[in-house]
Amino acid sequence: MKIKLVIPGKPMAKQRPRVLKNGITYTPKQTVNYETLVKQLYIEKYFQKQLSGPIKATITAYMYIPKSTSKKKKALMMENKILPTKKPDWDNIGKIITDALNGLAYGDDKQIVDATVRKFYSDKPRVEVELEKIEGVEE
């Protein structure tokens, strides 16, 4: 079974938990909101479908092209000849997606044994997620 999911809008990174002066730790609102969006999109498309065993994850983030970019540079970005080397970091993009799908798409994200996170530019910012069970291996 293969799971494909598209999260529209600007790719988000997993933000670090914040600690208040009284020692209480909380997750920033932007992270909570984005994880909730990912969960809702998954439930709408794959309600109660869950992968078992080892999983391969491919996450592709399409970053927004700044409005001030020249036409020549924009064309190079669209051809993937210029790639985004700015924030958000690739690992934090992967983390927010895999954490959001934890317990929904799979029992636990420890099942992910092969992961690829890529960043490109696009005039339609989004994150594309592909999850698939790795067949022919033992757990």
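The values are calculated or read from the model by the stated rules, or taken from the named source; none is laboratory data. Please read these numbers as outputs of a predicted model, since none were measured by experiment. Here Cβ is always computed from backbone atoms with ideal geometry, including for glycine, and neighbour counts include all displayed protein chains.
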Exercise. When you look at Lys45, is it among the charged types (D, E, K, R), within 30 Å of Glu138 (Cα to Cα) and assigned to a helix (DSSP H, G or I), yes or no?
Worked result: yes
For this session: State the number of residues belonging to the stretch 49-82 that are surrounded by 13 or more Cβ atoms within 10 Å (Cβ to Cβ), of a type in the set (A, V, I, L, M) and more than 30 Å from Val137 (Cβ to Cβ).
Result: 6
Seminar exercise, completed: Per the filter on the stretch 1-33, residues β-branched (Val, Ile, Thr) and either assigned to a loop (DSSP other than H, G, I, E, B) or at pLDDT 85 or above (or both) are Ile3, Val6, Ile7, Ile24, Thr27, Thr31, Val32
Exercise. Does the stretch 34-58 hold any residues that are more than 15 Å from the chain's Cα centre (by Cα) and under 19 Å from Pro8 (Cβ atoms), and which are they?
Worked result: Ile43, Glu44, Lys45, Tyr46
For this session: Inspect the stretch 96-106 for any residue being among the hydrophobic types (A, V, I, L, M, F, W, C) and out of contact with any helix residue (DSSP H, G or I) (no Cβ under 7 Å at 6 or more places or on another chain) and give the result as yes or no.
Result: no
Seminar exercise, completed: Listed by first then second residue, the pairs whose first member lies in the stretch 103-131 and is at pLDDT 95 or above, whose partner is polar (S, T, N, Q) and not in a loop (DSSP other than H, G, I, E, B), with beta carbons under 6 Å and at least 6 positions apart or on separate chains, are Thr116/Thr58; Arg118/Thr60; Glu128/Thr60; Glu130/Thr58
Seminar exercise, completed: Here the residues within the stretch 17-56 that are within 18 Å of Asn102 (Cβ to Cβ) and basic (Lys, Arg) are Lys39, Lys45, Lys49, Lys56
Seminar exercise, completed: Checked the stretch 90-139 for anything buried (at least 16 other Cβ atoms within 10 Å of the Cβ) and assigned to a loop (DSSP other than H, G, I, E, B); matches are Leu104, Ala105, Pro125
Problem set entry | Residue satisfying condition, being hydroxyl-bearing (Ser, Thr, Tyr) and under 25 Å from Val113 (Cα atoms), within set Thr25, Thr36, Thr69 | Thr36
Exercise. Any residue in the stretch 48-63 that is of a type in the set (A, V, I, L, M, F, W, C), touching a helix residue (DSSP H, G or I) at 6+ places or on another chain (Cβ under 8 Å), farther than 21 Å from Phe120 by Cα and not in a loop (DSSP other than H, G, I, E, B)?
Worked result: yes
